[in-house]
Structures are given as structure tokens and as C-alpha cells.
Amino acid sequence: MRKTKVANANDMVNDYINRGRTKKVLHLITQDKFYNGREIRIDNRKFINFGSCSYLGLELDPRLKNAAKAYIDKYGVQFSSSRTYLRCTAYHEWEELLTALFETPVVTFTSVSLGHHAVIPVVVEPGDAIILDQQVHASVQDPARKMMLNGVHVEAIRHNRLDVLEERIKALNNRYQRIWFMIDGVYSMYGDFAPMHEIVALLEKYPKLYLYADDAHGMSIAGKNGAGVIYHQVPHHKKMVLGTSLNKAFGAGGGVFLFPDEEFCLRVKNCAGAYIFSGGHQVPVIGAGIASARIHLSDEIIQRQESLKEKLSYCHQMLEDYQLPILSNPEAPIFYIGVGLVNTCMHLVSYLHDDGCYVNTGMFPAVPDQSAGVRFTITAHHNKEDIEYLVERIAYHYPRTFRELGRSAQDVVRGFGRVKQFNLLIEGIPVDIVKSKGYEIQYETSIRNVPKHLWDELVGSLGANNWDQMLFFEETFSGRAKKEHNWKFHYYLIRDKSGHPVIATFFTEVLAKDDMFAPAEVSRQLEHLRRQMDDPYYLSSQTLTMGCLLSVGDHIYIDKTHTEWQKAFVVLLESVQSLREENDIPVLSLRDFDTEDELMKGFLIDLGLKRVSIPDGHLIDRFEWNTPEEFLRQLRGKNSKSTHDRRNYIRKRALGFEDRFEVKIVRSATADEIRHFRRLYLNVSEKSYDITGFNLPERFFENVSTHPRWEILELKLKPEYAPAKARKAVGIALCYKTDRLYSFLVTGMDYNFLTEHNVYTQILWQTIKRAKQLGLPVNMGITASQPKRKFGAKLMKYSVYIQNKDTFKDMIVNLLPQREPKILR
């Protein structure tokens, strides 16, 4: 089954969240019978709660609780009706108070997330464009992404890069009616602010620019009447739609959206699906919301804001005094301490939990995979002693965690750049992991410098990547005219102190498409865009990939009998990371690992890599047959019906057409043959989107035809089946043979004959027959799983583990919908 983008994204998220559950830092539950705001109980232990978003402590205010109870007594627990038909009596009072609070018309929803899904499809129309800030909340990104299906252009810019925003406004200005810029007021992980004065200046400068903002974490903590961080900086703008939360510092529940005028509000109420087709707030939420709104409209809100601001300033100063890498705005109640790898962060969080400080793990998907950190909040419930205790515990455990896990301060630099107040030598954190492990690293840039017998014994025995093949790749992919055809090779052998090889592998530095492992539907759209833009390199990046773009099978030798193989792997990865940094290579790809290897999966996730499932590999290693009939008899399905279907498929489509073809192995092909073989290959390559890449150069086919370990299986139609003109090959299989394996790596076909003569099925059958002649198992490659399984191929489930420094490009690829948007048709 073809993997979809959503399935792959969910796999990655599922891996990380399950890792957090295993480490007992996620999916926790409190055991308290009553809450006091400051403390909670988890697993029979008491914690100071540094994870609450109720920044002003209003969730436990007696006035809110009493109001909630009173409104239950008056109206019951709920008023079950669509608000399009009938609203609860209490809504009138609540919305009047909220309108007074914000001094602008409002519409309420049961949550901010639901509100975004309701409001965006109403305010953004076909013919508009959306520009997303890279870090805008997922609840905004999701409905914005869906707008592409209505023909709305959606793109993203790097976080808070208003210079880029202005460039994009100019580029889109003549093509779209309105351009919506979507942001957060306070970004929910790092706690930094949107530059509102500069954004408003752009709103004034460009008539078509509109602003859509989420100020959920800014609500109540700042601004007149607690209207929020955005309104604290600028007044409401006539071209701004703002959504904010009544569920955090406001202390009640739901979300509220603010519009330029009553007509705009009415349009949302009339057209927003989530307003029409879902119920309203539960009655006690409305009661509590009314009580909170009254507090916000009094001078008390100023006192609460000032008290919180004093605590935030105190905490921020303490973190700076300890020279910890703090990324947050000093006025934000959200604090983020940069760590780097998720495993290090989870260990640090566990130590803080052991000391009774409940904090959050900031991790993928909320932040990039190498930018994990300790996220905590300060609220009105905390006192200075709480803050002092937490910061002191962080300062103690931070270097301890790095030392115990053998990590270095370089993790922080990789994840966040050089945070100005962070002391790289704090408390003896090692600066260089590689030097601290005591392993010998042999690093080479040519296979010629690695003994042939050693390489073939280690890596060459695992698949098609023997010494001869590596030399072939080096000679074929160097000195070429196009940059995508020049590959640099990096060989690593990691030995222990006794000189015993623990790990051996190779990486290729190559230009690759960012959608290489994206679903076929996404790659199809991107190829369309590349052609439209006349830019074949759009969304392409330098990539450091384990193996190379043509290799199959295992690419890394690991002696797992060695007690410290994991430490050796860390040394390998650190050496590779250093190579990335020296050469500014954004993407790292480790392939192809067994999907079912849970130990390796957990280990690589802890090292900050994301798992991506790729199409299955296929291996045929049963050759207890000598005739086609014997081959058919040894085919087995899951049951008698599937067995019959397989045999019938091969009998009709392969054996039944075999006598139409002439098959031979071409050696030293002519120039005309080489050009024709490449055209056949391009026929397939340019129609295949399962794994996308740049087309192979003609030189590759030339070198294949003369190499002793490569074979070109050529299929021609016999004269009675061919056109009257000169007969040419209608199918090819380019295969590589080692002493242990035959590998089907490249194919090509003439699609004019594909269906009538079952060309591809015949290519598979002739490849299997050739492997039988050689007495070798055959790796049939990835993709095209259905016909390969018909021939009895075993499935090899592979995963690739990736890191991308440029997570912005990941976001661009993931913005594309699963079906082609109308604007591209």
C-alpha cells in the first residue's frame, strides 16, 4: 500500500510521543482530589506545577467558581441547541462584556482551534493568498492548508522575517485580491513575540495585505482590560482578524474572535460551519467567563498583570545569571531552555520531575527535531521561592545530564545557534563528543584508500555496495556538467581501542529533491511547479545520505555483539554532523533500516532523527526450481485463492508472453543503443513519483555497458510482433552482481508496448531467470510492489531516518495537499 503524507507524518509524531510516554514525561495524569493552583500529584508524588497556562491564577478564583455554580443552578449544565437556532440567555451578557473588554465586535467559539477552522474559510476567499509565519500555531496552519483545495494560494516564510514578507507581498500583489499574513502574538513554545509595529506599518503600506492573528498565550497578561499582548502593542486595525483564548490566563473556557465591524461578525455567524453545526459553550463556562470579564474590566487586572510581570522578570534574570540558554521574551510567561536532542531533554525533565518540579518537554512536532528544550511557565500561583528552587534545579541538572549521556554543548549550538548568554563550558560540559569516546575513526573520501578485502568483508557482504561498485560510482559521478550528477563520497570505519572494526559505512554528498520521500501526489505537484517555474532545482537541497541514490540493501555494518556498539554509532554520527557543519549540508538521511527494529528506532529517535517509511524492498531467494512449471508450483499465497491468483498471473502475463521477446545481455553498447536505453529509462523515471530524484546522466549508461559486474538485460520484440521499422529494445533491466547478490537497480520501457505485451512483467521474469542462472538471490528493488509480490518476492520493510536543519523547507513540502489544488490545474 502506498504511504500517504498524512500517514508518514503521523508515524513520525507517533514515534516521538510514544518515546515520551515510555520515558514518563508525556501523557501523564494528575491524582489530586482538589487543585490549589501551585501543586499537583502525579504517580503518588507531589510537584510544583510549572506547566499551567492559567497565568493569572483565575481558574481557581472563588468568583469564577461561584459564578459557574450559580449559572448551573439557573440554566443547568448545558443548553443543547445550535446557536444559529437559539442561544442560551447568558450569552447576551457575556458577549456584551467581551465587546466592552476588547472595544470591538466579537464572536465566541468553544475553543480557539475550532474557531480557526470556522473563521478562516469565511474570511479567506477564493482569489486570496495566505502567507504563514513558519511558527504560527498548528491550529492555524491546518485550516489554512485546507484552503488550498478551494484554490487559495498558501505559502510560508521564515519566522518573523518581515523583509521576506514584503518581498512576497510585492510578488503576489497583482495576482490575488487579498494577502493574509497569519501569525501568533506570543509563540507557544519559545515564548517570543510577533513584531506588531512593523507588521502594522506593512498593513498601512500595502492595501491588499490583511492580518490574521492568534494571541491565545497573550490574552489577559497585557493590554488594556487584559486584551492581550497584540493589543498592548497596537490598537485593533481595520484589516485585522484576531482570535484569542478564554481558556488560559482568562481562566474560563473557549475562544473569542474579534472583527472590524458587526457586519463581519454576522457573516461569520451565518457562514461558519463550526458555529452553525455544533453546540455552544457549557453553561458553567459562560458563568465563569462573565465573572472573569468583570475582573478584566476593573482595575484589578492591572494589579494582576504587574504582579505576574515582576515574577517573570525575576525568573528571567535568574536564568541569565546561571548562563542558561533561554530563548523566550522576558515579558512572556512561557520559558524555553534550549537543550538540543530529545533524549537529553527527556532525561533532564525526568531529573526535574524527581525533584518535584513539573515542567514540559519541548519536542517534535512542536519544535524541530534537534531543538528540544525544557518548557515551563510561571503563573500567579508561584512565589519567588518556587522560582528560585526551579532555576537552581535546572542549573544543577543541566550540565549533569549532558555529562552523564556523553553529549556536548555542540548540541545546543546545532539546535539554536549560539545563544548569547550560554556558557559553552558550563560546569564541565564536554565540547567535543568524538574526542571523549576513545574510538579510532578512519575517514576517507575515496574507496581506493580502504582495503578491498576489508570493505567487502564488512559492508560489501550486506548488499550491492561492494568495493567495485563504490569505485564505479566514484568514477561515474564526478566531473559532470550538471551539479546533481557530481557525488562526493565519505567512508567511515570506527574501531575500538583494540583496533576491532565496530562500524563501517559510507555517505554520499549529493543534491537531492526535498520531496524525495514525500507521497507521490505531493511530488507530482512539485514537478508541475518546477516545470512552471522553469527551475528544476526548486525545493532541492544538498543532502548527506547513508548509501547513495542508487544503492540498495543494508548500507552500514554494525557489530552488534560488541558491548559498546551504540557508543561507536554516536561517534559516527558526531563525525558526520561535523562534516555537515563544515560543508553547510542541511539534510542528513540514514537509510535503509529495518522498520521492525524497535531498538534501533528508539536509539535513532533519541539522537534527534525522524523516521520516514519508504516503499517496501523485495527479495527473491528461493530457487528450488528448474522449469517454469516448477517455479509456478513453488509460489505460495496467504491462502489457496491467493496462491491460485499468483500462479495464474505469472502464467498469463509472464510465461504467456515470453515467446514474443528476444532477450540478451548487452555488453559494450553502441552510442545509439546507449541513447535509446536512456530514453527508455526516462520514460519510466519521468512518470514515477514514489521516490523522486534527478535523472541519471548518459555517462552512467555508458559505464554500465562496459563494467564487468553490471549487466544490461535487453528485451526486444520478435519480428512478428515488432513494427515494420528497425526493431529496438522495448524494455531494459540494469542489474549489478556481487559474489552474493544480484540487484535489479534501474529499468526502462517503451510505453507504446507496455500493456499489449506486458513488458514490465517480462522484465521482472527475465531478471529472476538471470539470477537463477547465476545462482544468486535477487534484490528486486523498491516500488512496484504488487507485481513483484506476484513473483513471490519477500517484503523488506525499510525506514529512513532524517534530519533537516532547514525545517522551513519541510513545512513547504508538507503544505501541499494530497490532491492537486485547482490553482495548479
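The values are calculated or read from the model by the stated rules, or taken from the named source; none is laboratory data. Source: prediction; values computed, not measured. A quick note on method: Cβ atoms are made from the backbone with ideal geometry, for glycine too, and the neighbour counts reach across all protein chains shown. Just so you know, the surface numbers come from the protein's heavy atoms only, side chains and all, with ligands and any DNA or RNA stripped out. Shrake-Rupley method; radii C 1.70, N 1.55, O 1.52, S 1.80 Å.
One table, with the values for the structure above:
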item	result
Nonlocal amide H pairs with Gly781, under 5 Å, H built at 1.01 Å	His618, Phe744
Nitroxide proxy distance, nm - points 7 Å out along Cα→Cβ at Arg267 and Asp597	5.6
Ranking by accessible area, most exposed first, for Met533, Met318 with a 1.4 Å probe	Met533, Met318
Integer Hz, Karplus 6.51/-1.76/1.60 couplings in order for the stretch 784-792, x for Gly and Pro	6, 5, 4, x, 5, 5, 4, 7, x
Per-selection metrics, the stretch 21-67 (Cα): Rg and Dmax in Å	12.6, 41
Sorted largest first, extent of the stretch 493-567 alpha carbons per principal axis (Å)	58, 20, 20
Positive-pole candidate from Val283, Val229, Gly253, dipole of the stretch 222-283, charges at beta carbon	Val229
Nearest 10 degrees, 0 to 90: helix 520-533 Cα axis against the chain principal axis	90
Cα centre as origin, Lys/Arg/Asp/Glu Cβ charges: the stretch 300-403 dipole, Debye	260
For the stretch 1-114, projected area of the alpha-carbon convex hull averaged over all directions, nm²	12.6
Cα centroid of the stretch 31-88 to Cα centroid of the stretch 562-629, whole Å	48
Computed magnitude of the charge dipole of the chain (debye, nearest 20; Cβ of K, R +1, Cβ of D, E -1)	2860
Trypsin sites (Lys or Arg not before Pro) lying in DSSP loop within the stretch 364-398, provided at most 10 other Cβ fall within 10 Å	none
Relative contact order [Cα under 8 Å, 6+ residues apart], the stretch 22-113, whole percent	11
Ranked order, Asp411, Asp597, Asp621 - accessible area, probe 1.4 Å, largest first	Asp621, Asp597, Asp411
Proximal charge balance of Lys788 [Cβ under 12 Å; K/R count +1, D/E count -1]	+3
The chain - percent of accessible surface contributed by carbon and sulfur, probe 1.4 Å	49
Share antiparallel - DSSP beta bridges, the chain, percent rounded to 5	75
Hull volume in cubic angstrom per residue (convex hull over the Cα atoms of the stretch 209-276)	97
Rounded accessible area of Trp565 (nearest 10 Å², 1.4 Å probe)	20
The stretch 711-756 - Rg over Rh from alpha carbon coordinates, Kirkwood radius	1.10
Rounded to 10°, Cα long-axis angle of helix 5-22 versus longest principal axis of the chain	70
Convex hull (Cα only) mean projected area of the stretch 684-770, reported in nm² to one decimal	7.0
Å² of accessible area per residue within the chain, as computed with a 1.4 Å probe and no ligands counted	41
Cα-Cα P(r), the stretch 696-737, percent of pairs per 10 Å interval	26, 42, 26, 7
Inter-part distance where the stretch 522-536 and the stretch 114-178 are each reduced to a Cα centre, Å	21
Degrees, to the nearest 10: 671-685 long Cα axis against longest axis of the chain	30
Normalised contact order of the chain, rounded percent, pairs of Cα under 8 Å and 6 or more residues apart	13
Under the Debye formula (equal points on every Cα, no solvent term), log10 I(q)/I(0) of the stretch 741-796 at q = 0.28 Å⁻¹	-1.28
Computed accessible area, Arg679, all protein chains, 1.4 angstrom probe, square angstrom	120
Directionally averaged projected area (convex hull, Cα atoms, the stretch 88-179), nm²	7.4
Packing-based order for 35-46, 502-513, using average beta carbon neighbours within 10 Å, highest first	502-513, 35-46
Proportion of all alpha-carbon pairs of the chain beyond 38 Å (%)	51
Calculated [θ] (222 nm, deg cm²/dmol) that DSSP helices of n ≥ 4 give over the chain, each run adding -39,500 (n - 2.57)	-12000 deg cm²/dmol
For peptides 773-782, 214-223, sequence by mean Cβ density within 10 Å, most packed first	214-223, 773-782
Contact order normalised by residue count of the stretch 467-560, Cα under 8 Å, 6+ apart, percent	28
Accessible area in the full protein assembly, largest first, 1.4 Å probe, for Leu619, Leu680	Leu619, Leu680
Sum of side-chain charges, Thr377 neighbourhood, beta-carbon under 15 Å (Lys, Arg +1; Asp, Glu -1)	0
For Gly255, residues with placed amide H under 5 Å, excluding near neighbours	Phe109, Thr110, Ser111, Val112, Leu246
Per-selection Kirkwood Rh - the stretch 468-508 (Cα, Å, 1 d.p.)	11.9
D (Stokes-Einstein, µm²/s), Kirkwood Cα radius, the stretch 320-413, 0.692 mPa s at 37 °C	245
Zero-based 5 Å bins, Cα pair distances in the stretch 110-238, whole percents	2, 11, 22, 23, 23, 13, 5, 1, 0
Linear extension gain, Arg41 paired with Asn173, 0.36 nm per residue minus alpha-carbon span	42.1 nm
Rounded to the nearest 10 Å², the accessible area of Arg524 at probe 1.4 Å	100
Percentage, to the nearest whole number, of Cα pairs in the stretch 508-624 over 20 Å apart	54
Computed lengthening from Ser640 to Arg63, 0.36 nm per intervening residue step minus Cα-Cα distance	200.6 nm
Cα-based Rg and Dmax for the stretch 653-701, where Dmax is the largest Cα-Cα distance (Å)	13.9, 36
